[in-house]
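Below: one structure, written as structure tokens.
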Amino acid sequence: MAEEIVEQGYRKLADEILEHNPGVDLARVRAAFELADRAHAGQKRKAGTPYVTHCIEAARICVEMGLDEDSVVAALLHDVIEDTALTHDDIAKEFGAEVADIVEGVTKLTRVRFTNREDEQMENLRKMLMAMAKDIRVILIKLADRLHNMRTMEYMTPAKQLEKSTETMEIYAPIAHRLGLQRVKWELEDRSLRYIDPEGYREITEYLESKKERLDAFMAMVEMRITKRLSENGINATVQSRIKHTYSIYRKMYAQNLSLDGVFDLCAFRVIVDNIADCYNVLGHIHDMYRPVPGRFKDYVASPKPNGYQSVQTTVIGEEGIMFEVQIRTWEMHRTAEYGIAAHWKYKSGEAGVRAGDEEKFAWIRQLLEAQQESDAGEFVHDLKMDMFDDEVFVFTPQGDVVNLPAGACPIDFAYGIHSAVGNSMIGAKVNGRIVPFDYALQNGDIVDILTSKSAPGPSRDWMNLCKSNAARTKIRQWLKKERREENILRGREMFEGEMRRAGLSMAYINDEELVQTCIRKLAVTSLDDMYAAIGYGGITSTRVVNRFRDEIARAAKQNTQKTAIDKINEAAERRSGKPVKAVNGVLVEGMDNCLIKFSRCCTPVPGDPVVGFITRGQGISVHRADCPNYLNSLREDRENRWIHVDWADTTTGAYSTTLRILAHDRNGLVLDIATVLNSLSAKVLSLNARGLPDGNALILVTLEVPDLSALRLIMGRLRTLGGVRQIERGNG
Ligand code: MN
């Protein structure tokens, strides 16, 4: 008895294959059937029938969709990995790796549970499902499987019915819609509605039943009138009519808050023609016969829906004021509308190319359609890989929420995707119950559990390289910025120095305060330490900082050159006006050539310092810095008549003696360190005197020779970086 049911079922399948796709190798299909039959032996459906009948029915749905031979074989075997002892390898050995891969893909989807989700999670779940199926045939077989399960749902418990129906309504029907499988979508929706809202379902079906006779008569009449009109006008057309599917009426009732009597367009008509031009001809005739409802005309031929759907649609008012919808399309469009993406295995060469519109989101469908026109069906199947979600991965929290991350993401991305506090206290991760390394690449459907600890050391810099999501990197950077300032400064300084070396720039520039201040301002940091810290935590790259320095150094150099040019012009002007041009020791004295010049010992000026001259008695001109205390005091004492304007000449002698007073914490090796710095900067030391002070500090007086002020500043800056150095002043004080 049971055997007979099974054999009958198989015969139906074989007949349908012969009818729909005679090229299929029936012996191979038979072998798959027999393997499934043996593997599922003894298992029964809830209906009491042998389990393999479900496999046969799923395969029949695939045949109806027009899927290829491998799909039909895989559909027959779709539950053997999940429910029997057979493995991927067993299937691969007998039917090839492709069939085995598809079966395994279906098995993976079967294992995902979708119950009790928030609405916003649904789109992610649908995407995940699509992403998990590397081959679109996996999805199509899964839809066939679900469709047959919904057809036999009456045998399940009420709880199971509600669970499966909700899942079908929210996951599988939208996927069917997206792939353009309208027929499958409608049936899934209607069958789900029956269990989700049994009363609403019954209300509509009973209402339709009560109106059936009237609607049937009405549809027959309209069908006839349209057929007649079109044939009189020489248009070859097939007219079909149907009552709209239950769920679409249901949705309209609720969306527009209508009673059933308020839903006017219960029936729909379809006119199928041979070419696109006839679509518009038919539209003209329909609008001539019936009054169109304003705002209801839609041209999906000119701009197809994202899932490839094409039709000209209009709603008109017919006899007795009954409103109805008419879809007009070509046979090619019709197949696409009914079977969507699946239609293209069966009907390969097209008439006018089917276009899927401009929506980039579904570009892959368009590509499939285009590929389909050029290759034969067999090759086409191989191209049908899902690359739609290649850049995303979907994983679960232990609570079952879906988290959407970039492909290749690791548990760190996941942790920060939950909350930065989770990331910052992360000490490890479990995936599907097993501890994984931090750089484990998450797979679709993984359940990820982040292990945290209050005493976690916090993120490390390496994590930034492991992360794939910008969100995680930003959060790690924020943490590092806040928690690791000292470390960041040191590290940033090191990176800065390295980059300066690579750029061929001396670290001495860091002592040019004007330069540093300009750079700091332009880099939008508040101090040198801040700049180092920012480099250290990655807020700014050392390359960018060094580029800024290089630019500013170049700008300063250019300004200096310009200044020199202006000086030359002034010089020429001065020469004409009889001013002194002859310098002594690099100093020009107002109104005098060749006078004796000496440099004051109190303030030891060097070229670059603003200077003034003091006319001594019999010892020529003594040159002081313009900020020399002696000069400033003497102004108050009204001796200004002995001061004279002096300036540095363009060319100076290159060696000016000057004195620095260094106050430092006294420590071992201090003097040696100072001497080392001076030596490394090629400063010629004339004398160096150190003495300890009673307060534990040391005072060091250094007299050295420098060419000019910038060289001196460089030396002072470098000395300031020495450990213990507190203050450096110029002059003997
Ligand atoms: Mn199944």
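The values are calculated or read from the model by the stated rules, or taken from the named source; none is laboratory data. A quick note: this is a predicted structure, and the numbers were derived from the prediction, not measured. Neighbour counts are summed over all protein chains in view; Cβ atoms, including those assigned to glycine, are modelled from backbone coordinates with ideal geometry. What goes into the accessible areas is simple: the full protein's heavy atoms, side chains included, and nothing from ligands, DNA or RNA. Shrake-Rupley method; radii C 1.70, N 1.55, O 1.52, S 1.80 Å.
Seen through its C-alpha gyration tensor, with square-root eigenvalues sorted a ≥ b ≥ c, segment 255-324 comes out oblate because a/c lies at 1.5 or above while a/b is not bigger than b/c.
Express as a percent, rounded to the nearest 5, the fraction of DSSP beta bridges in the chain (both residues included) that run antiparallel. It would help to have the intermediate numbers written out before the result.
Values: 67 of 78 bridges.
If I count the DSSP bridges inside the chain, around 85 percent turn out antiparallel.
Between residue 451 and 427, 428, 429, 430, the built amide H atoms are under 5 Å apart, and every one of these is 5 or more places off in sequence or on another chain.
Each of 442, 35, 295 was scored by the projection of its Cα onto the charge dipole of the chain, and the greatest displacement toward the positive side belongs to 442; charges sit on the C-beta of Lys, Arg, Asp and Glu.
Treat every Asp and Glu Cβ in the chain as -1 and every Lys and Arg Cβ as +1, leave all other atoms uncharged, and give the resulting dipole magnitude about the Cα centre to the nearest 20 debye.
Numbers: 97 positive and 106 negative charges, 808 e Å.
I would put it at about 3880 debye.
Of 168, 703, 651, 721, which has the most accessible area and how do the rest follow, probe 1.4 Å?
On the way: 168 0, 703 25, 651 105, 721 85 Å².
Output order, biggest surface exposure first: 651, 721, 703, 168.
Of 199, 223, 4, the residue with the largest accessible area leads and the full order is 199, 4, 223 (1.4 Å probe).
Accessible area of residue 719 (1.4 Å probe, protein heavy atoms only, ligands and nucleic acids ignored): about 0 Å². Net charge in the neighbourhood of residue 316 (other residues with Cβ under 9 Å of its Cβ; Lys, Arg +1, Asp, Glu -1) is +1.
Between residue 92 and residue 644, the modelled label-to-label distance comes to 10.1 nm, taking each label 7 Å out from Cα in the direction of the beta carbon. In this structure residue 529 has an accessible area near 70 Å², from a 1.4 Å probe over the protein heavy atoms.
Ranked by the mean number of other Cβ atoms within 10 Å of their residues, highest first, the peptides 457-464, 244-251 fall in the order 244-251, 457-464. Helix 470-483 versus the longest principal axis of the chain: what angle, 0 to 90°, nearest 10, using Cα atoms? Tilt of helix 470-483: around 30 degrees.
Charge dipole of segment 390-482 (Cα centre as origin; +1 on each Lys and Arg Cβ, -1 on each Asp and Glu Cβ, all else neutral): 600 debye, rounded to the nearest 20.
First check a/c for segment 484-560, with a ≥ b ≥ c the square roots of the eigenvalues of its C-alpha gyration tensor; if it is under 1.5, answer rounded, and if not, answer prolate when a/b is larger than b/c or oblate otherwise.
Prolate, since a/c reaches 1.5 and a/b exceeds b/c.
Debye-formula intensities of segment 199-343, expressed as log10 I(q)/I(0) at q = 0.10, 0.16, 0.19 Å⁻¹, are -0.36, -0.91, -1.22 (one equal scatterer per alpha-carbon, no solvent).
In the context of the full set of protein chains, residues of segment 102-257 present 46 Å² of accessible surface per residue (probe radius 1.4 Å, heavy atoms only).
Once you order the gyration tensor axes a ≥ b ≥ c over the Cα atoms, which shape class does segment 623-733 get: rounded for a/c under 1.5, otherwise prolate or oblate by comparing a/b with b/c? Spell out each step's value before the answer.
Numbers: a/c = 2.95, a/b = 1.52, b/c = 1.94.
It comes out oblate by the Cα gyration axes.
The C-alpha atoms of the chain define a longest principal axis, and helix 485-502 lies at about 80 degrees to it. The packing ranking of peptides 424-434, 405-415, highest mean first, is 405-415, 424-434, where packing means the average number of other beta carbon atoms within 10 angstrom of each residue.
Report the Rg/Rh value for the chain, based on alpha-carbon coordinates and the Kirkwood definition of Rh. Write out the running numbers ahead of the final one.
On the way: Rg = 43.8 Å, Rh = 34.3 Å.
We get a ratio of 1.28 for the chain.
Going by accessible surface with a 1.4 Å probe and the largest first, 599, 297, 324 read 297, 599, 324.
Quick check for you: with a 1.4 Å probe and neighbouring chains kept, what is the accessible area per residue of segment 390-482, in Å²? Each step should come with its number before you reach the end.
On the way: 4570 Å² over 93 residues.
Spelled out: the 1.4 Å probe surface of segment 390-482, per residue, equals 49 Å².
The residues of segment 271-333 expose on average 38 square angstrom of accessible surface per residue, using a 1.4 Å probe on protein heavy atoms.
Net charge around residue 432, counting only other residues with Cβ within less than 10 Å of its Cβ (Lys, Arg = +1; Asp, Glu = -1)? Spell out each step's value before the answer.
On the way: positive: 430, 434; negative: 446, 449.
Net of charged neighbours comes to 0.
The calculated 222 nm mean residue ellipticity attributable to helices in the chain amounts to -16000 deg cm²/dmol, summing -39500 (n - 2.57) over DSSP H runs of n ≥ 4 and dividing by all residues.
With the whole protein complex present, residue 331 retains an accessible surface near 80 Å², based on a 1.4 Å probe.
Residues in segment 541-550 carry Karplus couplings, in order, of 8, 5, 4, 5, 5, 5, 4, 4, 4, 4 Hz; the curve used is 6.51 cos²θ - 1.76 cosθ + 1.60 with θ = phi - 60°, and Gly or Pro positions show x. Phi angles across segment 63-70 convert, under the Karplus curve 6.51 cos²θ - 1.76 cosθ + 1.60 with θ = phi - 60°, into 3J(HN,Hα) values of 5, 5, 5, x, 6, 7, 4, 4 Hz, Gly and Pro given as x.
The accessible surface of the chain, taken with every protein chain in place and a 1.4 Å probe, is 49 percent carbon and sulfur. The DSSP beta bridges internal to segment 199-343 are antiparallel in roughly 75% of cases. When the charge dipole of the chain is built from unit charges on Cβ atoms (+1 for Lys and Arg, -1 for Asp and Glu) and taken about the Cα centre, the candidate among 10, 539, 157 whose Cα reaches farthest toward its positive end is 539. For residue 293, the residues whose amide H sits under 5 Å from its own are 315, 316, 317, ignoring neighbours fewer than 5 places away on the same chain, with H placed 1.01 Å from N. Using only the alpha-carbon atoms, how far is helix 709-720 inclined from the longest principal axis of the chain? Give it as 0 to 90 degrees, nearest 10. Value to nearest ten degrees: 70.
Calculated on the alpha-carbon coordinates, the convex hull of segment 171-227 measures out at 89 cubic angstrom per residue.
In a fully extended conformation the segment linking residue 461 and residue 490 would gain 9.0 nm over its present Cα-Cα distance, using 0.36 nm per residue.
Coupling constants for segment 393-403 follow from the phi torsions by the Karplus curve (6.51 cos²θ - 1.76 cosθ + 1.60, θ = phi - 60°), and in residue order they are 9, 10, 10, 10, 7, x, 7, x, 7, 8, 10 Hz; glycine and proline get x.
The label point for residue 688 and the one for residue 159, both projected 7 Å from the Cα toward the Cβ, are 8.9 nm apart.
For residue 392, the residues whose amide H sits under 5 Å from its own are 407, ignoring neighbours fewer than 5 places away on the same chain, with H placed 1.01 Å from N.
The mean sequence distance of close C-alpha pairs (under 8 Å, at least 6 residues apart), as a share of the length of the chain, puts its relative contact order at 7 percent.
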